[in-house]
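In what follows, a structure is listed as structure tokens, so that the remarks can point back to it.
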Amino acid sequence: MVETPRRTSVSRAGLTLAAVGCVVAGGVALLAAGREWVRFTVAQPPLPDLHSGASGHVVAGAAAPLAVVILAGVVAFPATRNIGRRIAGALVALAGIGLVVVALQVAVSPGDSVAREAARLTGHTGVRPSSAGLTAWPWIAFCAGLIALAAGVLAALFANRWPGMGRRYESGATRKGRDETSMWDQLDRGDDPTA
């Protein structure tokens, strides 16, 4: 089937949209993972209260690796075709779901998320923060996860319509096999491929 220029430009736009979604979602999630997600106070009488914060790396350790998986979609989508692209899209979508879940776990119960960090800072096990509050970063990571989910689903559903890399990126053996096949096809049609 021959693609029209309009259909080709629409399919390229879908590929570009998914790749840009991966860049935005992965970059934002990676940035968010290094920022402070929760601020808390630990009462430790007779000493003064300890005011501190915990980054995404501490309270949501999976956020950074999930962001890297999402960023990998930028390379995987244009470099693969059909089933490979569908698998890459599914992996990006799963990483997006994982990021959403991790961000929600922290957002729903910030006190539980920082108990380990409070214990580490004070050197006492079983220490619970007397107060804990969220910053905007878990919600930003949540939104990045939704963008990654959308980009992955887009790739998984429409992978067969998107163009792949050109022939110049194929290995020599693949190109040679394709050229030999086309030579036989030319002979079958009655054309002389050596002329």
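The values are calculated or read from the model by the stated rules, or taken from the named source; none is laboratory data. Computed from a prediction, not measured in an experiment: that's the story for all the values here. When we count neighbours, we look across all protein chains shown, and the Cβ atoms used for this are built from the backbone with ideal geometry, even at glycine. Please note that ligands, DNA and RNA were not included when accessible areas were found on the heavy atoms of the full protein model with its side chains. Shrake-Rupley method; radii C 1.70, N 1.55, O 1.52, S 1.80 Å.
List of remarks:
- Residues of the stretch 143-182 that turn out to be more than 19 Å from Arg12 (Cβ to Cβ), aliphatic (A, V, I, L, M) and at pLDDT 70 or above, as a count: 5
- Gly126 being at pLDDT 70 or above, among the small types (Gly, Ala, Ser) and not in a helix (DSSP H, G or I): no
- Helices (runs of 4 or more DSSP H) (entirely within the stretch 1-98) containing at least 1 residues that are open to solvent by less than 60 Å² (accessible area, probe 1.4 Å), under 14 Å from Ile147 (Cα atoms) and at pLDDT 85 or above: 5-33, 63-79
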